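First comes the structure, then the notes that go with it.
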Amino acid sequence: MKYKGRFGDYGGFYVPEVLIPALEELEKAFYRFYKDKSFVNELSRLMADYAGRPTPLYHAKRFSEYVGFNVYLKREDLLHGGAHKVNNTLGQGLLAKYMGKTKLIAETGAGQHGLATAMIGALFGMETKIFMGATDVERQSVNVHKMKLCGAQVISVKGGTSTLKDAINDALRYWTANVTDTFYLFGTAAGPHPYPTIVKHFQSCIGKETRRQCLHKLGRLPDMVLACVGGGSNAIGIFSGFLNDKKVRLIGVEAGGRSLSSGKHAASISAGKPGILHGAKAYLLQNADGQVNDTESVSAGLDYPSVGPEHCYLSDIGRATYVAVEDEDVLDTFGLMCRMEGILPALESTHALAYLVSQKGKLPGKTIAVVNLSGRGDKDVGIVEKFRPVKD
Ligand SMILES: *Cc1c(COP(=O)(O)O)cnc(C)c1O
């Protein structure tokens with residue numbers, strides 16, 4: 001198992017001895033069920049009727065005119081819960097059910113994954129505990145309330161910076177003591193093996209649909225596919241459909257933070273060095289002594305000091321390119337998208353759109369760019385209003 005789940009030198013599982021049986025059980029169950037006929041049928045029925053798949057591929061005409069080339073949006077923002085997260089929670093939740101587990105735990109930062117897990121806990125009638133840093137519990141009170149409405153218990157984690165990375169540590173600790181009946185529903189394509197592989201599998205519906213929709217609607221593949229990168233799940237989900245299409249450029253956009261984020265950022269690949277966090281080797285934001293840096297971004301959902309191992313590998317081999325976009329540009333682009341398309345994008349997804357704005361007038365007019373619009377921005381109107389108040 002030591003060499004399993006490697007993407008080049010990245011990934012693997014660097015966990016305490018006590019967790020290894022749990023991860024092995026999970027890996028075995030995943031490979032047993034992910035192609036199982038009744039599992040696949042039940043999941044695709046739920047993806048359609050509960051989550052709302054397939055999502056449309058939308059030509060953003062006015063935004064395209066503005067940047068000077070064609071921009072298409074993969075509308076994951078229209079899914080139940082308002083983001084791509086439900087693809088993963090439905091998949092892992094169903095896996096938990098097939099494994100005979102009765103309880104779910106999950107970590108959350110901004111509260112989006114916590115909410116998507118709480119929804120699925122309700123759907124499957126499973127007792128659900130969400131670990132969340134105390135600072136985040138305070139900052140994200142609306143999502144905390146929604147999780148509780150869905151019947152989940154929110155456990156406030158104190159220690160460290162009382163944010164996402166501390167919540168993950170506590171969730172892992174809790175899991176070691178409760179593996180028999182408890183499934184740890186991890187929120188992104190990071191963490192120890194087999195999570196990066198499992199999360200990619202359940203998010204790969206985005207890439208499969210997008211590829212099919214491009215061929216059907218546009219008669220060809222796009223020139224570039226873009227997605228924002230926090231832990232990397234929505235990005236690997238859409239990239240996975242195009243990995244073998246060498247002519248399609250894959251661009252991951254990280255949170256360059258700064259001016260509105262106390263000078264901090266969360267650009268793990270663009271500015272990090274390989275290190276180990278939460279059971280995997282990956283690019284990591286760390287100081288000269290190897291201490292993990294505090295991160296900050298205008299979009300809480302990208303606020304993670306590391307990134308999924310496959311993205312690190314894709315960056316090293318040059319198959320995908322990773323860039324960082326700063327807060328101010330993200331807020332400007334949010335406003336543009338609202339006014340030009342009547343779409344409020346999540347600030348996370350807006351990072352990918354902001355990168356395209358930076359390419360305004362620089363690409364041939366025939367260029368086709370597909371952006372994974374990973375979520376909707378209703379949750380973000382408060383922070384946008386703070387920095388970019390609407391004028392009468
Ligand atoms: C959580 C979230 C992200 C970041 O997570 P990834 O695993 O990198 O996809 C991006 N967009 C939205 C809308 C989110 O809720």
Among the residues listed as Leu373, Leu363, the single one being farther than 16 Å from Ala255 by Cβ, of a type outside the set (S, T, N, Q), surrounded by 13 or more Cβ atoms within 10 Å (Cβ to Cβ) and under 13 Å from the mean Cα position of the chain (by Cα): Leu373
Residue satisfying condition, being at pLDDT 95 or above, surrounded by fewer than 23 Cβ atoms within 10 Å (Cβ to Cβ), hydroxyl-bearing (Ser, Thr, Tyr) and in a helix (DSSP H, G or I), within set Thr176, Thr197: Thr197
Strands (runs of 3 or more DSSP E) (entirely within the stretch 67-136) containing at least 2 residues that are basic (Lys, Arg): 70-75
Single unsatisfied condition, Val71 versus (1) in contact with a Leu (Cβ under 8 Å, 6 or more places away or on another chain); (2) within 13 Å of the ligand (Cβ to nearest atom); (3) of a type outside the set (Asp, Glu); (4) over 29 Å from Asp294 (Cβ atoms): (2)
Cross-chain or 6+ apart pairs with Cβ under 7 Å, the stretch 213-240 first and surrounded by 24 or more Cβ atoms within 10 Å (Cβ to Cβ), then part of a strand (DSSP E or B) and basic (Lys, Arg): Ile238/Lys74
Residues of the stretch 357-392 satisfying the condition of being within 16 Å of the ligand (Cβ to nearest atom) and in a strand (DSSP E or B): Val370, Val371, Asn372, Leu373, Gly375, Arg376
Residue in the stretch 155-164 that is part of a helix (DSSP H, G or I) and surrounded by fewer than 21 Cβ atoms within 10 Å (Cβ to Cβ) present: no
Qualifying residue in the stretch 167-188 (condition: in contact (Cβ under 8 Å) with a residue 24 or more places away in the chain and within 30 Å of Ala60 (Cα to Cα)): yes
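Condition check ((1) of a type in the set (A, V, I, L, M); (2) in contact (Cβ under 8 Å) with a residue 40 or more places away in the chain; (3) within 17 Å of Asp303 (Cβ to Cβ)) across all residues:
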{"residue": "Thr102", "(1), (2), (3)": "no, yes, no"}
{"residue": "Thr108", "(1), (2), (3)": "no, yes, yes"}
{"residue": "Ala122", "(1), (2), (3)": "yes, no, no"}
{"residue": "Met132", "(1), (2), (3)": "yes, no, yes"}
{"residue": "Gln140", "(1), (2), (3)": "no, yes, yes"}
{"residue": "Leu149", "(1), (2), (3)": "yes, no, no"}
{"residue": "Thr161", "(1), (2), (3)": "no, yes, yes"}
{"residue": "Lys165", "(1), (2), (3)": "no, yes, yes"}
Among residues of the stretch 376-389, those that are in contact with a strand residue (DSSP E or B) (Cβ under 6 Å, 6 or more places away or on another chain) and exposed (fewer than 10 other Cβ atoms within 10 Å of the Cβ), counted: 0
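Condition check ((1) within 16 Å of the ligand (Cβ to nearest atom); (2) touching a Ser or Thr at 6+ places or on another chain (Cβ under 7 Å); (3) at pLDDT 95 or above; (4) on the phi < 0 side of the Ramachandran plot) across all residues:
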{"position": "His145", "(1), (2), (3), (4)": "no, no, yes, yes"}
{"position": "Lys148", "(1), (2), (3), (4)": "no, no, yes, yes"}
{"position": "Val154", "(1), (2), (3), (4)": "no, no, yes, yes"}
{"position": "Ser162", "(1), (2), (3), (4)": "no, yes, no, no"}
{"position": "Asp166", "(1), (2), (3), (4)": "no, no, no, yes"}
{"position": "Thr182", "(1), (2), (3), (4)": "no, no, yes, yes"}
{"position": "Phe186", "(1), (2), (3), (4)": "yes, no, yes, yes"}
{"position": "Ala190", "(1), (2), (3), (4)": "yes, yes, yes, yes"}
Output for the stretch 1-48, where each listed residue is closer than 30 Å to Ile276 by Cα, acidic (Asp, Glu) and in a helix (DSSP H, G or I): Glu17, Glu24, Glu25, Glu27
So Leu104, is it buried (at least 19 other Cβ atoms within 10 Å of the Cβ), of a type in the set (A, V, I, L, M, F, W, C) and more than 15 Å from the ligand (Cβ to nearest atom): yes
All positions within the stretch 168-186 that are farther than 12 Å from Leu104 by Cβ, of a type outside the set (Lys, Arg) and under 23 Å from the mean Cα position of the chain (by Cα): Ile168, Asn169, Asp170, Leu172
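The values are calculated or read from the model by the stated rules, or taken from the named source; none is laboratory data. These figures come from a predicted structure and were not determined experimentally. So basically every Cβ, Gly included, is an ideal-geometry build from the backbone, and we count neighbours across all protein chains shown.
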